[in-house]
């Protein structure tokens, strides 16, 4: 499985992410690293995650949903 290259998603927090598969993403921020597998979350859990950031509906990319979950589960916020 080929992993994507790291992309800076938030320079002020040194946050980076990369796509591993269509439903699996890896994020790192200031030494905290986590793999988010969207198959482990229900659609309701994903909706709760992105709605906390003001996103109104499910038209978001899997990347954005995974990033919202990462930020809520990484213990840094």
* Structure fact -> Here the residues within the stretch 12-38 that are assigned to a helix (DSSP H, G or I) and either at pLDDT below 95 or over 22 Å from residue 75 (Cβ atoms) (or both) are 12, 13
* Asked: What do you reckon, is residue 69 modelled with pLDDT of 95 or more and either in a loop (DSSP other than H, G, I, E, B) or surrounded by 11 or more Cβ atoms within 10 Å (Cβ to Cβ) (or both)?
  -> yes
* Asked: Counting only residues that are touching a helix residue (DSSP H, G or I) at 6+ places or on another chain (Cβ under 8 Å) and surrounded by 15 or more Cβ atoms within 10 Å (Cβ to Cβ), which one in the stretch 52-63 is nearest to residue 27 (Cα to Cα)?
  -> 62
* Asked: Within the stretch 41-51, is even one residue more than 20 Å from residue 75 (Cβ to Cβ), touching a helix residue (DSSP H, G or I) at 6+ places or on another chain (Cβ under 6 Å) and outside any strand (DSSP E or B)?
  -> no
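The values are calculated or read from the model by the stated rules, or taken from the named source; none is laboratory data. Quick caveat: nothing in here was measured; it's all calculated off a predicted structure. All Cβ positions, even for glycine, are placed from backbone atoms using ideal geometry, and neighbour counts span all protein chains on display.
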